[in-house]
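Each reported figure results from applying straightforward, stated rules to the coordinates on display, with no laboratory input. Source: prediction; values computed, not measured. Virtual Cβ from ideal backbone geometry, glycine too; neighbours counted across all protein chains shown.
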Amino acid sequence: MKYVPDYVVFDLETTGIAPKRDKVIEISAVKVRNGQVVDEFTSLINPLCNIPYGASQVNNITDDMVEDAPTFDEVLPLFIDFIEELPLVGHNIHSFDMNFIYRDCMNYLGKVPDNDYIDTLHISRKVLPHMAHHRLSDLAIHYNVSTKGAHRALADCHMNQKIFEYLKDEMDNFQNANEKNKQRICPKCNNMLKLRSGIYGEFYGCSNYPNCRYTENV
């Protein structure tokens, strides 16, 4: 889990949530250098099938909108060229988007991209455990990021890019706390001290608790 300054945020809209049968109907991406958006990529996709009503209710993409759009086998090579060898960033991409990308790259291109990827859903769950939910919209509200145009791929990419930049500080704080924990040794039993939370705030307690009850202030 680490921040990188150069990356591509991407997002898909699909006909459903099952990679084995559903199709991509929109793909978007924003390219980032030194933490700043420098380019973007977006295209509607004709899935060669009807878009279910439920999917259209979520992403507002209809059959009429994709009627004259290219098919995914035409768009996918352009997307692969766009992302280059940069790490991919997205929200819930480990469980969702990457499955579609891997499937269709294998079907249309005969191989899958070997780009590293970073899932902001997994990061937020680790560094923001106090939040009840970690949807992209929840993080946007948490960081006061606009949700205008949410559930369209390009808008979600720009939203996610801003959130990833905010998560940089959260990741740094999380790593620093872990490093501090690693460096602290209990003077009574020589076990590790861990950062804990109590009714009066954070404190360091022995990892050998309850056998050792040594504590010290943060």
Among the trypsin sites (Lys or Arg not before Pro) in the stretch 16-80, which ones are in a DSSP loop with at most 16 other Cβ atoms within 10 Å of the Cβ? Mind listing them? Lys20, Arg21
Given H placed on each backbone N at 1.01 Å, which residues far from Val89 in sequence or on other chains put an amide H within less than 5 Å of it? Val8, Val9, Phe10, Ile118
Please find the FRET efficiency linking Ile17 to Glu85, where r is the Cβ-Cβ separation and R0 is fixed at 35 Å, and quote it to the nearest 0.05. 0.75
For Lys23, list the aspartates and glutamates whose Cα falls under 15 Å from its own Cα; do not include residues on the same chain fewer than 8 positions away. Asp11, Glu13, Asp63, Glu67, Asp73, Glu74, Asp97, Asp104
Under unit Cβ charges (Lys, Arg +1; Asp, Glu -1), what dipole magnitude, rounded to 20 debye, does the stretch 40-172 have relative to its Cα centre? 580 debye
On the formula 1/(1 + (r/R0)^6), with r taken between the Cβ atoms of Gln36 and Ser146 and R0 of 22 Å, the FRET efficiency rounded to 0.05 is 0.80
How far, in nm, would the chain grow between Phe203 and Tyr166 when pulled straight, counting 0.36 nm per residue and subtracting the alpha carbon separation? 10.7 nm
In percent, what relative contact order does the chain have, based on Cα pairs under 8 Å that are 6 or more apart in sequence? 18 percent
To the nearest 0.05, what FRET efficiency results for Gln175 and Arg213 with a Förster distance of 30 Å applied to their C-beta separation? 0.60
Nearest 10, in degrees from 0 to 90: the angle of helix 153-183 to the longest Cα principal axis of the chain is 20 degrees
Over 31 Å between C-alpha atoms is what I'm after, so list which of Lys20/Lys168; Lys168/Lys188; Lys148/Lys168 land there. Lys20/Lys168; Lys168/Lys188
